[in-house]
Amino acid sequence: MSRVALVTGGSRGIGAAISKELKAKGYTVAATYAGNEEAANAFTAETGIKTYKWNVADYDSSKAGIAQVEADLGPVEVIVANAGITRDAPFHKMTPDQWKEVIDTNLTGVFNTIHPIWPGMRERKFGRIVVISSINGQKGQFAQVNYAATKAGDLGIVKSLAHEGARANITANAICPGYIGTDMVMAVPEKVRESIIAQIPTGRLGEPEEIARAVSFLVADDAGFINGSTISANGAQFFV
Ligand SMILES: NC(=O)c1ccc[n+]([C@@H]2O[C@H](COP(=O)([O-])OP(=O)(O)OC[C@H]3O[C@@H](n4cnc5c(N)ncnc54)[C@H](OP(=O)(O)O)[C@@H]3O)[C@@H](O)[C@H]2O)c1
């Protein structure tokens with residue numbers, strides 16, 4: 001029986017590459033999305049991967065969605081908490097709504113995704129969790145007080161879960177991507193994007209597939225001793 005992997009935000013961008021990589025490695029993948037039906041339908045048509053719609057920021061919706069995935073496919077043994085958003089503004093202009101939306105999605109959304117699945121992982125004595133954090137959670141970024149706070153918080157979640165899950169053969173690790181060529185980064189004005197690329201020693205944006213490869217390494221059955229770690233994948237832009 002192939003293991004079931006849940007990839008939140010798995011229908012577009014980095015998440016889509018992760019979903020495809022895990023399917024290619026033999027996992028049964030469930031990919032979630034927030035509301036972009038067109039992208040989700042196109043993704044399922046292209047890959048054959050089932051998609052599920054719920055808002056990761058809402059605990060009850062997450063719990064119900066996960067129950068549906070488990071009824072359809074079996075217990076979730078691999079979680080990739082990837083769904084995330086930006087609502088950038090310099091701090092003096094950042095609104096409480098911009099703060100809250102990002103906290104609810106990128107930080108509470110990770111809790112909401114893992115918490116309903118955690119008891120089953122503990123009982124079965126197996127689990128692999130990867131949270132997609134960010135270079136900007138490691139180093140901070142202008143106009144991203146909200147985003148950087150969530151991505152740094154995600155590292156705290158992973159390290160704490162690594163302690164709690166270790167005896168039950170559950171690992172929790174994080175990946176901090178640098179700038180990757182997805183819709184999120186392409187939405188940044190071209191001038192800003194060019195200045196970002198100028199700061200990357202590799203001289204280019206990363207590819208979603210480069211993050212997906214790191215995920216499949218971390219979730220492998222024989223990766224059980226890699227626990228609580230953070231992999232930076234940023235083209236040598238920043239070293240911790
Ligand atoms: N791109 C980068 O350079 C970069 C760098 C570092 C870290 N990251 C992180 O990597 C992750 C993926 O980024 P990306 O660039 O691939 O993003 P993206 O292209 O904007 O795709 C985001 C995905 O997350 C889903 N999503 C957003 N909010 C959601 C919510 N409330 N509930 C459920 N699903 C939700 C979207 O669903 P819909 O399709 O329905 O909108 C979509 O599938 C994020 O956590 C991001 O912070 C990205």
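The values are calculated or read from the model by the stated rules, or taken from the named source; none is laboratory data. Quantities reported herein were computed from a predicted structural model and do not represent experimental measurements. Every residue, glycine as well, gets a Cβ built from its backbone with ideal geometry; the counts of neighbours run over all protein chains shown. Just so you know, the surface numbers come from the protein's heavy atoms only, side chains and all, with ligands and any DNA or RNA stripped out. Shrake-Rupley method; radii C 1.70, N 1.55, O 1.52, S 1.80 Å.
Scanning the stretch 34-56 for residues that are open to solvent by 30 Å² or more (accessible area, probe 1.4 Å) and under 23 Å from SER134 (Cβ atoms) yields a total of 4. The one condition from (1) over 23 Å from LEU155 (Cβ atoms); (2) crowded, with 24+ Cβ neighbours inside 10 Å; (3) not aliphatic (A, V, I, L, M) that THR8 does not meet is (1). Of the strands (runs of 3 or more DSSP E) entirely within the stretch 124-237, those holding at least 2 residues that are crowded, with 20+ Cβ neighbours inside 10 Å and not charged (D, E, K, R) occupy 127-132, 170-177.
Is it the case, given these coordinates, that ILE197 is in contact with a Leu (Cβ under 8 Å, 6 or more places away or on another chain) and on the phi < 0 side of the Ramachandran plot? So that I can check it myself, show each step before the final result.
Numbers: in contact with a Leu (Cβ under 8 Å, 6 or more places away or on another chain): yes; on the phi < 0 side of the Ramachandran plot: yes.
Considered against the rule, which asks whether it is in contact with a Leu (Cβ under 8 Å, 6 or more places away or on another chain) and on the phi < 0 side of the Ramachandran plot, ILE197 comes out as yes.
Considering only the stretch 176-197, I want to know if a residue exists there that is under 19 Å from the mean Cα position of the chain (by Cα) and either basic (Lys, Arg) or closer than 17 Å to TRP118 by Cβ (or both). No, there is no match, as no residue in the stretch 176-197 is under 19 Å from the mean Cα position of the chain (by Cα) and either basic (Lys, Arg) or closer than 17 Å to TRP118 by Cβ (or both).
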